[in-house]
Amino acid sequence: MSRPRIAVVGGGLAGMAAAWALADRAADVTVLESRRSLGGRAGSFADPRTTRDVDYCQHVAMGCCTNFLWWMRQTELLQHFRRETRLTFLAPGAPPSTFAATPWLPAPLHRTTALDQLRFLSRGRRAEVRRALWRLMRTPPHSTPGTMGDWLRQQGQSDEAIERFWDVILVSALGEVARHAAFAPARMVLIEGFVAAPRASDVWIPQRPLADLFGVRLAGNLQQRGVLLRTGVPVRSIQQSGAGGFQIHTPGDSAAFDRVVLATAWFALPRLLGGTPLQHAVDNLPALGKLPAAAISGLHLWFDRPLSELRHCVLLDGLAQWLFRPDFGSVQAAEAFEHYHQVVVSGSHSLRGMPDEQILATVLEELKRHFPAARQARLLRHRLVNDPRAVFSIRPEVEALRPPTETGVEGLVLAGDYTQTGWPATMEGAVLSGFRAADVVARSLAFQPVPIQSPLRRGRLARWLIE
Ligand SMILES: Cc1cc2nc3c(=O)[nH]c(=O)nc-3n(C[C@H](O)[C@H](O)[C@H](O)COP(=O)(O)OP(=O)(O)OC[C@H]3O[C@@H](n4cnc5c(N)ncnc54)[C@H](O)[C@@H]3O)c2cc1C
């Protein structure tokens, strides 16, 4: 075969990771993206109302996201992330709780002792949570087909422990509360992200808008590696052609490729393949389009002053779950310096039908309870971004429908956070899926395999204690 032609359909993180991994091989790689810029759900948009570039939503990665962080390091983008080793939890009427690992203790003891720092939980509740965490370590991932909520109930966890600890962690990491989340991925996030290794729970927060980070810098890196980026080009259909190749149709154009990585979101896949001869290439295609989704909302706020010294914190007992104060976004405008803040509400189904003004008023009241400065602060601009299909809902029935990388048609592979990665919908899941898809393509063309990063190495005690 002469230099093979590889198409990547979809320029979110999964597609970009696949293209990046295939770019240094002897192949021509083209990314076809329907939007005008790359990044997919991890992107920003120019908001005419606030006249600002607004991220769809603040994104954070954790230390256990080994593929994402490795890739950011390789592309020299990790310098634009801030690493935080401690989390501050704020609950009305309680002193702030700083949740940090005990550095001189080996994993998993480093984290279980840190539970004592959660002062918004009574001593009894902390003991209850610690008990369940130990049992979770000893419970194999696929030992229960139900939800994390079912398992927590079996362990005798109280409503308060579930709502004020387990749900707080799970909804941030999975976009779903314990009673909906499948046990295996919920356990994976809790074990890999909190107890298995010392740096696993570090939080990595972008210090540049996502459009700049992924849409400009990462896209530039792909171009430097020789990837052809075609943005504003929606793929309309894909056909198998002779000799094992594919014909890809875009408005006013059609091109031949030897391999295709389909890296769209789950809900775009049936639109692309449904009703075509390729519809049987992916099992459960019609069901995939209807996967239940979890909503995430970002409320972007510009005040005349900073509300807090904290750069980010977890907020309890209200609508608002996280407050971020990133380095970017604050600007000197005509009248005043505008201090940018973002409040995130994950698993925000409860906001459905609530008028935007009511959401804003509720969040502002909550901020006043948490931060004295908010009582005097003047709100200069705001923008609410609701994404009802932000992430697929990681329910047990969804886990069973997630497709593998390889399809029933040779040369056609899937990438995307919804594929079988073991991860919930995250940047790590997307990047891992992209690397895996690239690896399948690379092997089929007799290229070197694509390096895929292992989870963080567990120490001896963690290996002994964790199933
Ligand atoms: C509000 C919100 C908050 C989030 N917070 C976090 C977080 O804090 N941490 C974290 O790790 N993850 C977070 N996520 C999840 C993370 O953004 C996603 O898991 C990840 O970006 C998915 O990447 P992807 O490439 O699989 O899919 P996508 O980003 O959806 O990319 C698919 C791409 O395919 C393109 N496409 C679709 N159809 C076609 C077509 N026919 N032709 C050409 N192109 C097409 C789309 O335009 C899109 O660019 C969040 C997501 C949202 C929405």
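Listing for the model above:
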quantity	calculated
Elements of type strands (runs of 3 or more DSSP E) in segment 48-110, at least 1 residues being among the aliphatic types (A, V, I, L, M) and surrounded by fewer than 19 Cβ atoms within 10 Å (Cβ to Cβ)	97-100
Subset of segment 424-455 (residues that are surrounded by fewer than 20 Cβ atoms within 10 Å (Cβ to Cβ) and assigned to a loop (DSSP other than H, G, I, E, B))	Leu445, Ala446, Phe447, Gln448, Pro449, Pro451, Ile452, Gln453, Ser454, Pro455
Single residue of Pro306, Pro326, Pro270, Pro286 found to be more than 19 Å from the chain's Cα centre (by Cα) and either part of a strand (DSSP E or B) or in contact (Cβ under 8 Å) with a residue 60 or more places away in the chain (or both)	Pro306
Filter pass, Thr144 being of a type in the set (Val, Ile, Thr), outside the structural domain of Met16 (by TED's automatic domain parsing) and not in a loop (DSSP other than H, G, I, E, B)	no
Check on Leu174, of a type outside the set (S, T, N, Q), without any contact (Cβ under 8 Å) to a residue 60 or more places away in the chain and crowded, with 18+ Cβ neighbours inside 10 Å	no
Residue match in segment 48-58 (condition: in the same structural domain as Val233 (by TED's automatic domain parsing), in contact with a helix residue (DSSP H, G or I) (Cβ under 9 Å, 6 or more places away or on another chain) and within 11 Å of the ligand (Cβ to nearest atom))	no
Unmet requirement for Ala462, which otherwise passes all of (1) modelled with pLDDT under 95; (2) assigned to a loop (DSSP other than H, G, I, E, B); (3) within 16 Å of Met188 (Cβ to Cβ)	(2)
Of the criteria (1) exposed (fewer than 15 other Cβ atoms within 10 Å of the Cβ); (2) modelled with pLDDT of 95 or more; (3) hydrophobic (A, V, I, L, M, F, W, C), which one Ala132 fails	(1)
Meets criteria (more than 13 Å from the ligand (Cβ to nearest atom) and aromatic (Phe, Trp, Tyr)) for Phe99	yes
Of residues in segment 238-251 being more than 18 Å from Val441 (Cβ to Cβ) and more than 9 Å from the ligand (Cβ to nearest atom), the one modelled with the lowest pLDDT	Gly242
Breaking point among (1) at pLDDT below 95; (2) within 13 Å of the ligand (Cβ to nearest atom); (3) crowded, with 19+ Cβ neighbours inside 10 Å, for Pro209	(2)
Flag for Thr419 being crowded, with 18+ Cβ neighbours inside 10 Å and more than 12 Å from the ligand (Cβ to nearest atom)	no
Residues of segment 113-149 classified as farther than 17 Å from Ile191 by Cβ and either among the aromatic types (Phe, Trp, Tyr) or out of contact with any Lys or Arg (no Cβ under 8 Å at 6 or more places or on another chain) (or both), total	11
Residue in segment 10-23 that is in contact (Cβ under 8 Å) with a residue 12 or more places away in the chain, in a loop (DSSP other than H, G, I, E, B), within 11 Å of the ligand (Cβ to nearest atom) and more than 18 Å from Val344 (Cβ to Cβ) present	yes
Residues (within 16 Å of the ligand (Cβ to nearest atom), more than 15 Å from Ala265 (Cβ to Cβ) and not hydroxyl-bearing (Ser, Thr, Tyr)) located in segment 32-47	Arg36, Phe45, Asp47
Residues that are under 13 Å from the mean Cα position of the chain (by Cα) and acidic (Asp, Glu), drawn from segment 413-444	Asp417, Glu428
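The values are calculated or read from the model by the stated rules, or taken from the named source; none is laboratory data. These numbers come from a predicted model, not from an experiment. Every residue, glycine among them, receives a Cβ derived from its backbone with ideal geometry; neighbour counts consider all protein chains shown.
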